[in-house]
Every structure is written in C-alpha cells, then in structure tokens.
Amino acid sequence: MMFKNKVVLVTGGGTGIGKATCMRLSSLGANVVINYSKSVEEAKNTYNQLSTDGLLYQADISDKSQVKNMIIACVKKFGKLDYLVNNVGITHQLDMDDLEGATDDVWDKLWDVNVKGTFYCIKEAVPYLKKAEDAAIINIGSVAGITGLGSSVPYAVTKSAVHGLTKSLAFSLAPDIRINSIAPGAVKTRWWKGNEEKMKDLAGNILLKRISTPDDIAETICYTLLQKSLTGQVITVDNGQTL
C-alpha cells in the first residue's frame with residue numbers, strides 16, 4: 001500500500017475534507033493522527049472507522065502550546081512523523097460588501113486559526129519531518145485566496161495568506177521537506193449548510209457542472225503527498241470554476 005508504515009497528522013480530521021483524507025490515507029496503509037477541536041463525536045466516529053492504527057487528539061491549533069503537545073503525543077505513539085496535512089480552516093459568512101461586519105474579532109479569529117495556526121503546526125512538526133525519509137506538508141487553501149471572492153473578505157484574505165505561506169516555506173524547508181497548497185473550489189461540506197444558494201452564486205460557471213466532494217479533495221491530497229517533484233505549488237481543484 002502506498003502509505004504503509006507512514007505516519008500522517010491531519011488537522012481538522014473529524015469532518016468534511018479532513019475526514020475524507022483520514023479515511024483515504026488509512027485505506028492506503030497510513031497510521032493517522034486525527035486532530036479535532038470541537039467536533040468531538042464526529043472525530044470519534046472517524047477514528048472508529050480507520051482501518052489502521054491511529055491517534056485521536058484534541059487541540060486548538062491557534063494555541064501554540066496545544067500544538068506542541070499534539071506533535072509530541074504523535075511522535076511518542078508512533079516514533080516519527082512523515083506527513084502533515086493542515087486542513088483546519090474556519091470562515092465567517094459575510095456579504096463581500098459588508099465591511100462593517102468584518103470586525104476586529106472576526107479578523108483575529110480567522111487569522112489566528114487559518115494562518116498562524118497553520119504556521120504553528122508546521123513549525124512544531126518540522127524537526128520531526130526532517131528526520132523522515134520523504135517528508136511533505138499539504139496546506140488547504142481555497143480558490144477564494146486566488147480570486148478574492150469567497151464567503152467573506154477576511155476568509156479570502158487569510159486563504160491568500162496560506163498560499164503565500166506555502167510558497168515562502170518552500171524556500172525555507174527545501175530540500176528536506178516538500179510543501180504544497182491545495183485550493184479547492186466549491187465543496188459539499190457542512191460549511192455551506194443553509195447557504196447552498198450562496199455557494200452556487202460564488203461558484204459561478206462551473207465547467208464540469210458539478211460541486212466537488214470531500215473525497216475529490218482527499219484524492220488530490222494523497223497524490224500530492226507522494227509527488228516528489230512538487231513543492232511551493234498552489235494546486236487548484238475546482239471543476240473549472242476559476243477558468
């Protein structure tokens with residue numbers, strides 16, 4: 001199996017894209033560390049469906065100390081860390097012209113999780129990833145970070161920052177660790193529950209006439225982890241949404 005004996009940490013692994021990624025990695029032989037923050041029951045359900053050994057770990061990635069303890073727990077159980085998938089991301093639904101709604105609290109919350117939290121996970125994982133035979137990191141961005149159009153201005157800006165972080169760290173981590181970003185377009189996840197029409201409006205003219213599933217994105221994540229010639233790239237998976 002492609003990921004046999006590999007250890008992968010997936011943040012936000014209990015739901016949506018994170019869950020699909022954990023399930024796919026496990027089916028391909030990986031030992032998966034499922035991080036979650038608030039989705040306790042969903043994370044437990046994902047853990048119970050793994051076909052390989054795993055670890056369930058609750059941590060708020062915007063808290064440096066919690067991230068550090070999570071990485072230590074991962075290495076303590078499995079003895080190593082091969083791959084990191086930074087899937088955690090939060091949004092705040094606002095009309096794009098609602099500048100008053102983009103309060104300091106909204107900005108701080110999204111920046112702390114989407115950007116700083118992603119960086120914290122990478123920083124703490126790097127010393128262990130450098131010991132791996134073929135280490136790689138995937139950051140989950142968004143087409144919102146490319147087009148500027150998303151569920152809110154703060155969300156689009158933070159996802160653009162995730163893409164920039166990926167490119168900058170490609171220089172910092174080479175040649176030991178590959179790092180890439182996946183930028184999904186519209187995906188059928190719980191984020192859009194009750195806002196399906198807004199999702200369709202934002203998606204625009206999708207050439208393939210379909211909305212991606214979490215499994216679609218999980219497949220791309222697995223492929224990119226294994227592709228030895230890719231680093232510093234933002235890979236768009238959007239059914240032609242942004243073409």
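Of everything listed in (1) buried (at least 22 other Cβ atoms within 10 Å of the Cβ); (2) assigned to a helix (DSSP H, G or I), the single unmet condition for Val115 is (1).
Among the candidates Leu56, Leu50, Leu84, the residue that is under 20 Å from Val8 (Cβ atoms), touching a residue at least 60 places away in the same chain (Cβ under 8 Å) and among the aliphatic types (A, V, I, L, M) is uniquely Leu84. Let me confirm something: among Lys131, Lys68, which residue is surrounded by fewer than 22 Cβ atoms within 10 Å (Cβ to Cβ), touching a residue at least 24 places away in the same chain (Cβ under 8 Å) and not in a helix (DSSP H, G or I)? Checking each option against the conditions leaves just Lys131. Considering (1) free of Cβ contacts under 8 Å to residues at least 60 places away in the same chain; (2) of a type in the set (Gly, Ala, Ser); (3) touching a Gly at 6+ places or on another chain (Cβ under 6 Å), the lone condition that Ala170 does not fulfil carries the number (1).
Within segment 217-231, residues that are in contact (Cβ under 8 Å) with a residue 12 or more places away in the chain and farther than 14 Å from Ser27 by Cα sit with their Cβ atoms under 8 Å from residues that are acidic (Asp, Glu) and not in a helix (DSSP H, G or I), at 6+ positions apart or across chains, in these pairs: Lys228/Asp134.
Scanning segment 71-93 for residues that are surrounded by fewer than 19 Cβ atoms within 10 Å (Cβ to Cβ) and either hydroxyl-bearing (Ser, Thr, Tyr) or part of a helix (DSSP H, G or I) (or both) turns up Ile72, Ala73, Val75, Lys76, Lys77.
Every condition in (1) assigned to a loop (DSSP other than H, G, I, E, B); (2) modelled with pLDDT of 95 or more is met by Met96 except one, and the failing one is (2). Counting the residues of segment 1-31 that are part of a strand (DSSP E or B) and either among the polar types (S, T, N, Q) or under 14 Å from the mean Cα position of the chain (by Cα) (or both) gives 4. Residue selection: Lys38 fails the criterion of being part of a helix (DSSP H, G or I), out of contact with any strand residue (DSSP E or B) (no Cβ under 7 Å at 6 or more places or on another chain) and either without any contact (Cβ under 8 Å) to a residue 12 or more places away in the chain or over 20 Å from Ser142 (Cβ atoms) (or both).
The values are calculated or read from the model by the stated rules, or taken from the named source; none is laboratory data. Since the model is a prediction, treat every value here as computed from it, not as a measurement. Cβ: placed from backbone, ideal geometry, glycine included. Neighbour counts: every protein chain shown.
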